[in-house]
1. List the number of the failed condition for TYR233; all other conditions in (1) farther than 24 Å from LYS127 by Cα; (2) surrounded by fewer than 18 Cβ atoms within 10 Å (Cβ to Cβ); (3) of a type in the set (Ser, Thr, Tyr) hold.
2. Taking into account only those residues within the range 263-286 that are of a type in the set (A, V, I, L, M) and surrounded by 14 or more Cβ atoms within 10 Å (Cβ to Cβ), which is farthest from TYR235 (Cα to Cα)?
3. Name the strands (runs of 3 or more DSSP E) wholly inside the range 60-117 in which the number of residues that are within 25 Å of ASP133 (Cα to Cα) and of a type outside the set (D, E, K, R) is 3 or more.
4. Tell me whether the range 125-137 contains one or more residues that are over 25 Å from THR85 (Cβ atoms) and either touching a residue at least 60 places away in the same chain (Cβ under 8 Å) or of a type in the set (S, T, N, Q) (or both).
5. If ALA288 satisfies every condition in (1) in a loop (DSSP other than H, G, I, E, B); (2) in contact with a Phe, Trp or Tyr (Cβ under 7 Å, 6 or more places away or on another chain); (3) modelled with pLDDT of 95 or more but one, which is the exception?
6. If you check ALA145, ALA170, ALA136, ALA162, which single one turns out to be under 27 Å from ALA79 (Cα atoms) and of a type in the set (A, V, I, L, M, F, W, C)?
7. So how many residues does the range 81-99 have that are hydrophobic (A, V, I, L, M, F, W, C), farther than 20 Å from VAL37 by Cβ and crowded, with 19+ Cβ neighbours inside 10 Å?
8. Under 21 Å from PRO263 (Cα atoms) and in contact with a strand residue (DSSP E or B) (Cβ under 6 Å, 6 or more places away or on another chain): does that describe THR203?
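The values are calculated or read from the model by the stated rules, or taken from the named source; none is laboratory data. Here the structure is a predicted model, which means the values were calculated and not measured. Neighbour counts run over all protein chains shown; Cβ positions are idealised from the backbone, glycine included.
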Amino acid sequence: MTHKKISLTCLALLLSAATALPTAAAAKDDTPAAQSVNVTTIGKVSCIASSIEKNADGSLKKCVLAENKTIPGADITCAAKGAITLNADGSVQQCILAFDRSYPEPVGVVCDDGHPIGLYPNGTLAKCTIAADGFARVLGGTCAAHQPVEVYPDGQLKSCVANVEKKVAAAPTKEVYVTEFTCAAKQETAFYANGKVKQCTPTEPIYMRGKGTCMAGEPIALQEDGKVAQCTYTYPLYQNKSCKVESKVSFHANGFFKDCTLPEDKAVGKAVCKADAPVSYRPDGAVASCTLAAPTELAPGKTVPANTIVNIDEKQVITVKEAAPPVPVKPAAPAQPAAQPAPAKK
């Protein structure tokens with residue numbers, strides 16, 4: 001009798017499970033189907049239609065690829081669902097790399113898939129993110145893995161994050177003597193096509209004899225002959241009323257200041273240039289452009305307000321470069337409710 005009861009119980013459970021199966025299947029069928037993506041082919045490029053950007057002549061400029069695309073001249077594959085940008089001639093300018101691409105010397109790097117890759121119009125590498133440390137002869141060491149690398153059309157290194165320090169020789173030019181210094185490791189180092197350092201972060205101060213000092217630990221840009229093009233200016237100073245200390249300063253080829261922040265108000269003819277605002281100098285050291293500290297008469301009956309950016313020519317004639325920003329209008333204070341009369345005494 002006990003066995004019969006157990007058998008009946010099992011049969012009831014099986015029937016219950018069998019009844020539930022169609023319901024589960026029906027629930028699965030209720031799942032909405034994935035939305036289809038509209039694909040448009042322009043030339044030989046299949047794009048997700050909603051992502052397409054065109055040039056004025058109707059040719060493709062940019063889109064998101066609907067499928068992997070092989071670029072024969074570059075021997076790379078651009079990844080589906082990644083953006084691709086084309087040059088005006090239809091050559092690929094940039095896309096997302098679908099598979100690692102190894103480049104032999106003089107480039108000597110492996111470009112990492114899943115990252116943007118840039119190409120020159122002829123299909124040679126312009127920039128990519130490298131999958132492993134890559135040796136660069138001009139650097140005298142390796143570029144850091146998983147960081148961007150740029151190269152010139154001939155394959156020589158243009159810039160990378162260096163794993164090593166790089167010595168830069170002194171530049172005893174006619175206009176200014178720039179002392180020797182060292183570019184820091186683990187920072188971006190850029191080179192001119194001739195192999196000379198173009199940009200890096202110095203580990204020590206750089207002294208420009210007779211001109212001033214560039215701060216250590218802040219990026220510096222060099223001209224091709226080794227003179228400083230831009231740096232953060234610091235002590236000791238030589239031209240201490242032209243540019244604000246510990247601010248970005250650029251220099252003309254002759255070593256004179258070009259663009260910086262003015263440290264104090266400076267009178268130039270009828271104008272007074274404003275402190276703590278941008279100022280530009282000509283190669284002879286005269287002010288070429290600044291922000292006015294006060295209203296200034298440009299001509300009889302024509303006065304411009306403070307904060308106008310002006311050009312000042314060699315004869316100190318002032319012309320407007322950029323109008324002063326409008327003075328913000330303070331909103332009127334809300335009206336106060338009228339006082340209620342006191343209730344009459346009974």
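1. Result: TYR233 passes all but (2).
2. Per the stated criteria, the residue is ALA271.
3. The strands (runs of 3 or more DSSP E) meeting that bar are 76-78, 92-96, 109-111.
4. Looking through the range 125-137, none of the residues is over 25 Å from THR85 (Cβ atoms) and either touching a residue at least 60 places away in the same chain (Cβ under 8 Å) or of a type in the set (S, T, N, Q) (or both).
5. Of the numbered conditions (1) in a loop (DSSP other than H, G, I, E, B); (2) in contact with a Phe, Trp or Tyr (Cβ under 7 Å, 6 or more places away or on another chain); (3) modelled with pLDDT of 95 or more, the odd one out for ALA288 is (1).
6. ALA145
7. 3
8. no
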